[in-house]
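> Here it is, the structure, as C-alpha coordinates.
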Amino acid sequence: MKLFKLTVPLIYFLALTASAYAAELEIYSHKREVKVSEQFQVDVMINSEEAINAIEGRLLFPAAELKVVAVKDGDSVINFWLEKPSVSKEGGLIFSGITPGGFSGPRQNIFSLVLEAKTTGTAEIYVDSLRALRNDGEATEVDLIVESATVSIVPGDSRVRNFAAEDSDPPEDFALEITQSPHLFNNDYFLVFGAEDKGSGVSHYVLREFRFPFLALLTKFEMAESPYLLKDQELKSHIEVKAVDYKGNERKVVLLPTNALATQDYWPLAVIIVLLIAFFLFLTKKYGRKTHQ
(Lines give C-alpha, C1' and ligand atoms only; values in the text may rest on other atoms or scores of the structure.)
Protein backbone atom coordinates (compact mmCIF):
# COMPACT_ATOMS: atom_id res chain seq x y z
CA MET A 1 0.00 0.00 0.00
CA LYS A 2 2.84 2.35 0.89
CA LEU A 3 4.59 1.46 -2.40
CA PHE A 4 1.45 2.40 -4.32
CA LYS A 5 1.24 5.74 -2.51
CA LEU A 6 4.84 6.53 -3.44
CA THR A 7 4.63 5.27 -7.01
CA VAL A 8 1.61 7.32 -8.09
CA PRO A 9 3.12 10.72 -7.20
CA LEU A 10 6.41 9.64 -8.80
CA ILE A 11 4.71 8.73 -12.08
CA TYR A 12 2.79 12.01 -11.99
CA PHE A 13 6.02 13.95 -11.38
CA LEU A 14 7.80 12.20 -14.24
CA ALA A 15 4.87 12.93 -16.56
CA LEU A 16 5.03 16.62 -15.69
CA THR A 17 8.79 16.66 -16.21
CA ALA A 18 8.47 14.98 -19.63
CA SER A 19 5.80 17.43 -20.76
CA ALA A 20 7.93 20.35 -19.59
CA TYR A 21 10.66 19.30 -22.04
CA ALA A 22 8.27 18.81 -24.96
CA ALA A 23 8.60 21.41 -27.70
CA GLU A 24 5.69 23.68 -28.56
CA LEU A 25 4.71 25.09 -31.94
CA GLU A 26 2.93 28.37 -31.31
CA ILE A 27 0.73 30.11 -33.85
CA TYR A 28 0.48 33.68 -32.65
CA SER A 29 -2.00 36.12 -34.20
CA HIS A 30 -1.24 39.79 -33.59
CA LYS A 31 -4.99 40.38 -33.44
CA ARG A 32 -7.78 38.24 -32.03
CA GLU A 33 -10.51 40.30 -33.69
CA VAL A 34 -10.33 41.91 -37.13
CA LYS A 35 -12.73 43.57 -39.52
CA VAL A 36 -13.66 42.45 -43.02
CA SER A 37 -10.93 43.50 -45.50
CA GLU A 38 -8.48 44.11 -42.65
CA GLN A 39 -5.02 42.56 -42.84
CA PHE A 40 -3.12 41.16 -39.86
CA GLN A 41 0.07 39.24 -39.14
CA VAL A 42 0.41 35.69 -37.83
CA ASP A 43 3.73 34.31 -36.53
CA VAL A 44 4.63 30.61 -36.52
CA MET A 45 7.13 30.01 -33.71
CA ILE A 46 8.73 27.17 -31.76
CA ASN A 47 9.53 27.02 -28.06
CA SER A 48 12.03 24.27 -27.34
CA GLU A 49 14.78 23.54 -24.82
CA GLU A 50 16.18 20.85 -27.10
CA ALA A 51 18.00 21.74 -30.31
CA ILE A 52 15.89 21.15 -33.43
CA ASN A 53 17.45 21.00 -36.88
CA ALA A 54 14.52 20.17 -39.19
CA ILE A 55 10.82 20.91 -39.37
CA GLU A 56 7.99 20.42 -41.86
CA GLY A 57 4.23 20.79 -41.88
CA ARG A 58 1.21 22.50 -43.36
CA LEU A 59 -0.46 25.61 -41.99
CA LEU A 60 -4.23 25.53 -42.51
CA PHE A 61 -7.04 28.07 -42.27
CA PRO A 62 -10.54 28.44 -43.78
CA ALA A 63 -10.14 29.76 -47.33
CA ALA A 64 -13.66 31.20 -47.23
CA GLU A 65 -12.71 33.56 -44.40
CA LEU A 66 -9.01 34.25 -44.95
CA LYS A 67 -6.53 34.70 -47.80
CA VAL A 68 -2.74 35.01 -47.84
CA VAL A 69 -1.38 38.43 -48.72
CA ALA A 70 2.33 37.90 -47.99
CA VAL A 71 4.75 35.40 -46.46
CA LYS A 72 7.73 36.72 -44.47
CA ASP A 73 10.74 34.53 -43.65
CA GLY A 74 13.56 37.07 -43.50
CA ASP A 75 14.12 36.59 -39.76
CA SER A 76 13.50 32.83 -39.73
CA VAL A 77 15.72 30.44 -37.75
CA ILE A 78 15.53 28.12 -40.75
CA ASN A 79 18.73 28.43 -42.80
CA PHE A 80 17.77 26.25 -45.77
CA TRP A 81 14.24 25.86 -47.10
CA LEU A 82 13.58 22.52 -48.76
CA GLU A 83 10.01 23.73 -49.34
CA LYS A 84 9.74 27.50 -48.91
CA PRO A 85 6.45 28.50 -47.19
CA SER A 86 3.99 28.86 -50.05
CA VAL A 87 0.31 28.37 -50.79
CA SER A 88 -0.37 24.84 -52.03
CA LYS A 89 -3.00 23.68 -54.51
CA GLU A 90 -4.64 21.63 -51.77
CA GLY A 91 -4.97 24.74 -49.59
CA GLY A 92 -2.95 26.22 -46.77
CA LEU A 93 0.81 26.72 -46.72
CA ILE A 94 3.31 23.89 -46.84
CA PHE A 95 6.80 24.36 -45.43
CA SER A 96 9.93 22.27 -44.89
CA GLY A 97 13.39 23.38 -43.85
CA ILE A 98 16.60 22.56 -42.01
CA THR A 99 19.12 24.39 -39.82
CA PRO A 100 22.50 22.63 -39.53
CA GLY A 101 23.58 22.70 -35.90
CA GLY A 102 20.01 23.20 -34.77
CA PHE A 103 18.21 25.95 -32.87
CA SER A 104 16.55 26.16 -29.48
CA GLY A 105 15.04 28.64 -27.08
CA PRO A 106 11.74 30.46 -26.61
CA ARG A 107 9.72 31.89 -29.51
CA GLN A 108 12.04 30.92 -32.36
CA ASN A 109 10.44 32.33 -35.51
CA ILE A 110 9.84 29.84 -38.34
CA PHE A 111 7.98 32.27 -40.59
CA SER A 112 5.24 34.90 -40.53
CA LEU A 113 2.41 35.64 -42.90
CA VAL A 114 -0.02 38.44 -43.55
CA LEU A 115 -3.65 37.35 -43.87
CA GLU A 116 -6.68 39.30 -45.01
CA ALA A 117 -10.17 38.77 -43.64
CA LYS A 118 -12.68 38.10 -46.43
CA THR A 119 -16.00 37.70 -44.63
CA THR A 120 -17.46 37.61 -41.14
CA GLY A 121 -17.09 34.51 -39.00
CA THR A 122 -14.61 32.67 -36.82
CA ALA A 123 -11.39 31.37 -38.36
CA GLU A 124 -9.04 28.84 -36.78
CA ILE A 125 -5.40 28.81 -37.89
CA TYR A 126 -3.64 25.53 -37.14
CA VAL A 127 -0.97 23.09 -38.36
CA ASP A 128 -1.17 19.46 -39.41
CA SER A 129 1.30 16.90 -40.85
CA LEU A 130 3.83 18.42 -38.49
CA ARG A 131 7.25 16.82 -37.91
CA ALA A 132 10.36 18.14 -36.22
CA LEU A 133 13.71 16.39 -35.70
CA ARG A 134 16.20 16.71 -32.89
CA ASN A 135 19.75 17.75 -33.61
CA ASP A 136 21.08 14.46 -32.21
CA GLY A 137 22.55 12.90 -35.35
CA GLU A 138 19.85 10.23 -35.37
CA ALA A 139 16.89 12.23 -36.77
CA THR A 140 14.84 11.54 -33.66
CA GLU A 141 11.36 13.03 -33.85
CA VAL A 142 10.41 15.69 -31.34
CA ASP A 143 7.13 15.49 -29.41
CA LEU A 144 5.37 18.70 -30.37
CA ILE A 145 2.50 20.44 -28.66
CA VAL A 146 0.63 22.70 -31.09
CA GLU A 147 -1.07 25.89 -29.98
CA SER A 148 -3.47 27.08 -32.68
CA ALA A 149 -4.96 30.57 -33.04
CA THR A 150 -8.56 31.66 -33.45
CA VAL A 151 -9.57 34.97 -35.01
CA SER A 152 -13.02 36.57 -34.97
CA ILE A 153 -13.97 38.50 -38.09
CA VAL A 154 -16.56 41.24 -37.63
CA PRO A 155 -18.17 43.65 -40.12
CA GLY A 156 -15.69 46.26 -41.34
CA ASP A 157 -15.78 49.77 -42.77
CA SER A 158 -13.81 51.84 -45.26
CA ARG A 159 -11.63 53.32 -42.53
CA VAL A 160 -9.79 50.03 -42.01
CA ARG A 161 -6.24 50.46 -43.31
CA ASN A 162 -4.54 47.44 -44.81
CA PHE A 163 -1.45 46.02 -43.14
CA ALA A 164 0.70 46.60 -46.24
CA ALA A 165 -1.17 49.52 -47.76
CA GLU A 166 1.73 51.94 -47.30
CA ASP A 167 5.32 50.81 -47.70
CA SER A 168 7.89 53.06 -49.34
CA ASP A 169 10.89 51.66 -47.46
CA PRO A 170 13.13 48.99 -49.02
CA PRO A 171 13.93 45.74 -47.21
CA GLU A 172 16.55 46.01 -44.49
CA ASP A 173 20.22 45.50 -45.25
CA PHE A 174 21.26 41.84 -45.28
CA ALA A 175 24.39 39.72 -45.54
CA LEU A 176 25.63 37.35 -48.25
CA GLU A 177 27.58 34.30 -47.11
CA ILE A 178 29.36 31.72 -49.25
CA THR A 179 29.60 28.28 -47.67
CA GLN A 180 29.59 24.56 -48.48
CA SER A 181 28.23 21.41 -46.89
CA PRO A 182 28.64 17.70 -47.67
CA HIS A 183 24.86 17.42 -47.28
CA LEU A 184 23.98 20.00 -49.95
CA PHE A 185 24.94 20.43 -53.63
CA ASN A 186 27.61 17.69 -53.46
CA ASN A 187 29.78 19.96 -51.28
CA ASP A 188 29.89 22.66 -53.98
CA TYR A 189 29.89 26.30 -52.91
CA PHE A 190 26.52 27.96 -52.41
CA LEU A 191 25.25 31.35 -51.30
CA VAL A 192 23.10 31.93 -48.23
CA PHE A 193 21.06 35.12 -47.77
CA GLY A 194 17.86 36.41 -46.22
CA ALA A 195 16.38 39.90 -45.87
CA GLU A 196 13.70 41.27 -43.59
CA ASP A 197 11.06 43.82 -44.55
CA LYS A 198 8.86 45.17 -41.76
CA GLY A 199 6.41 46.75 -44.19
CA SER A 200 4.85 44.55 -46.85
CA GLY A 201 7.36 41.69 -46.54
CA VAL A 202 9.96 40.30 -48.95
CA SER A 203 8.38 39.08 -52.17
CA HIS A 204 11.40 37.58 -53.95
CA TYR A 205 15.12 37.80 -54.69
CA VAL A 206 17.05 38.26 -57.93
CA LEU A 207 20.76 37.55 -58.41
CA ARG A 208 23.56 37.84 -60.95
CA GLU A 209 27.22 36.79 -61.12
CA PHE A 210 29.88 38.47 -63.30
CA ARG A 211 33.69 38.45 -63.32
CA PHE A 212 34.37 41.87 -64.83
CA PRO A 213 32.56 45.02 -63.61
CA PHE A 214 31.83 46.32 -67.11
CA LEU A 215 30.00 43.05 -67.85
CA ALA A 216 27.41 43.87 -65.16
CA LEU A 217 25.42 45.86 -67.71
CA LEU A 218 25.35 42.81 -69.99
CA THR A 219 24.42 40.34 -67.23
CA LYS A 220 20.75 39.93 -66.38
CA PHE A 221 19.38 39.31 -62.92
CA GLU A 222 17.60 35.97 -62.46
CA MET A 223 15.17 34.76 -59.82
CA ALA A 224 16.95 33.11 -56.90
CA GLU A 225 16.27 31.51 -53.53
CA SER A 226 18.53 30.78 -50.60
CA PRO A 227 20.50 28.53 -50.61
CA TYR A 228 21.71 29.29 -54.16
CA LEU A 229 24.21 27.06 -55.95
CA LEU A 230 26.90 29.35 -57.37
CA LYS A 231 27.69 29.05 -61.06
CA ASP A 232 31.26 30.25 -60.54
CA GLN A 233 32.72 27.56 -58.28
CA GLU A 234 36.13 29.25 -58.51
CA LEU A 235 34.66 32.17 -56.51
CA LYS A 236 36.15 34.78 -58.84
CA SER A 237 32.91 36.61 -59.62
CA HIS A 238 31.14 39.63 -58.24
CA ILE A 239 27.74 38.66 -56.81
CA GLU A 240 24.78 41.02 -56.62
CA VAL A 241 21.52 40.14 -54.89
CA LYS A 242 18.37 42.25 -54.78
CA ALA A 243 15.63 41.73 -52.20
CA VAL A 244 12.28 42.99 -53.52
CA ASP A 245 9.28 43.58 -51.27
CA TYR A 246 5.61 43.27 -52.21
CA LYS A 247 5.45 46.99 -53.05
CA GLY A 248 8.38 46.81 -55.46
CA ASN A 249 10.96 48.44 -53.18
CA GLU A 250 14.46 47.01 -53.60
CA ARG A 251 17.59 46.53 -51.52
CA LYS A 252 20.78 45.52 -53.37
CA VAL A 253 23.78 43.86 -51.71
CA VAL A 254 27.10 43.23 -53.45
CA LEU A 255 29.69 40.60 -52.54
CA LEU A 256 33.18 41.04 -53.99
CA PRO A 257 35.09 38.05 -55.41
CA THR A 258 36.60 35.75 -52.80
CA ASN A 259 39.50 34.80 -55.07
CA ALA A 260 41.49 37.10 -57.35
CA LEU A 261 41.52 36.51 -61.08
CA ALA A 262 44.60 34.74 -62.45
CA THR A 263 46.46 35.84 -65.59
CA GLN A 264 44.77 33.18 -67.75
CA ASP A 265 41.35 34.45 -66.65
CA TYR A 266 41.96 37.64 -68.62
CA TRP A 267 42.44 35.88 -71.96
CA PRO A 268 38.70 35.83 -72.83
CA LEU A 269 38.55 39.53 -72.03
CA ALA A 270 41.63 40.23 -74.14
CA VAL A 271 40.11 38.33 -77.07
CA ILE A 272 36.88 40.32 -76.80
CA ILE A 273 38.79 43.62 -76.71
CA VAL A 274 40.90 42.64 -79.75
CA LEU A 275 37.79 41.64 -81.71
CA LEU A 276 36.06 44.90 -80.82
CA ILE A 277 39.09 46.93 -81.91
CA ALA A 278 39.32 44.96 -85.16
CA PHE A 279 35.61 45.49 -85.82
CA PHE A 280 35.93 49.20 -85.10
CA LEU A 281 38.90 49.52 -87.47
CA PHE A 282 37.00 47.61 -90.14
CA LEU A 283 34.03 49.97 -89.90
CA THR A 284 36.29 53.01 -89.89
CA LYS A 285 38.12 51.84 -93.00
CA LYS A 286 34.95 50.83 -94.83
CA TYR A 287 32.92 53.97 -94.18
CA GLY A 288 35.98 56.19 -94.37
CA ARG A 289 36.43 55.21 -98.01
CA LYS A 290 32.84 56.00 -98.83
CA THR A 291 33.20 59.44 -97.29
CA HIS A 292 36.25 60.26 -99.43
CA GLN A 293 34.46 59.09 -102.60
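The values are calculated or read from the model by the stated rules, or taken from the named source; none is laboratory data. Everything numeric here is computed off the predicted structure, so don't read it as measured data. In this analysis, Cβ positions are derived from the backbone assuming ideal geometry, glycine residues included, and neighbour counts consider all displayed protein chains. Heads up: the accessible areas ignore ligands, DNA and RNA and are worked out on the full protein's heavy atoms, side chains in. Shrake-Rupley method; radii C 1.70, N 1.55, O 1.52, S 1.80 Å.
> Anything in region 243-293 that is surrounded by 13 or more Cβ atoms within 10 Å (Cβ to Cβ), at pLDDT below 85, within 30 Å of SER226 (Cβ to Cβ) and out of contact with any Ser or Thr (no Cβ under 9 Å at 6 or more places or on another chain)? List them, or say none.
Answer for region 243-293, where residues must be surrounded by 13 or more Cβ atoms within 10 Å (Cβ to Cβ), at pLDDT below 85, within 30 Å of SER226 (Cβ to Cβ) and out of contact with any Ser or Thr (no Cβ under 9 Å at 6 or more places or on another chain): LEU261, ASP265.
> Among (1) without any contact (Cβ under 8 Å) to a residue 40 or more places away in the chain; (2) in contact with a Phe, Trp or Tyr (Cβ under 7 Å, 6 or more places away or on another chain), where does GLN233 come up short?
Condition (1) is where GLN233 drops out.
> Find the residue count for region 23-71, including only residues that are surrounded by 18 or more Cβ atoms within 10 Å (Cβ to Cβ) and among the hydroxyl-bearing types (Ser, Thr, Tyr).
Number satisfying all stated conditions: 2.
> Could you give every pair whose Cβ atoms fall below 9 Å, whose first residue belongs to region 65-78 and is more than 23 Å from GLY105 (Cα to Cα), and whose second residue is in a loop (DSSP other than H, G, I, E, B) and among the hydroxyl-bearing types (Ser, Thr, Tyr), counting only separations of at least 6 or pairs across chains?
Cβ pairs passing all conditions: GLU65/THR119; GLU65/THR120; VAL69/SER200; VAL69/TYR246; ALA70/SER200; ALA70/TYR246.
> Sticking with this structure for a sec: Which residue out of ILE98, ILE94, ILE110 is under 18 Å from PHE193 (Cα atoms) and without any contact (Cβ under 8 Å) to a residue 60 or more places away in the chain? Even if it seems obvious, please write down each step before you answer.
Details: ILE94 fails: under 18 Å from PHE193 (Cα atoms); ILE110 fails: without any contact (Cβ under 8 Å) to a residue 60 or more places away in the chain.
ILE98 is the lone residue from the list that is under 18 Å from PHE193 (Cα atoms) and without any contact (Cβ under 8 Å) to a residue 60 or more places away in the chain.
> Please go through (1) open to solvent by less than 70 Å² (accessible area, probe 1.4 Å); (2) part of a loop (DSSP other than H, G, I, E, B); (3) at pLDDT 95 or above for VAL206 and return the number of the only condition it doesn't satisfy.
It fails just one condition, (2).
> Here is a check on your reading of the model: is GLY101 open to solvent by 30 Å² or more (accessible area, probe 1.4 Å), over 24 Å from TYR246 (Cβ atoms) and at pLDDT 85 or above? Show your work before the answer.
Values: open to solvent by 30 Å² or more (accessible area, probe 1.4 Å): yes; over 24 Å from TYR246 (Cβ atoms): yes; at pLDDT 85 or above: yes.
Criteria met by GLY101.
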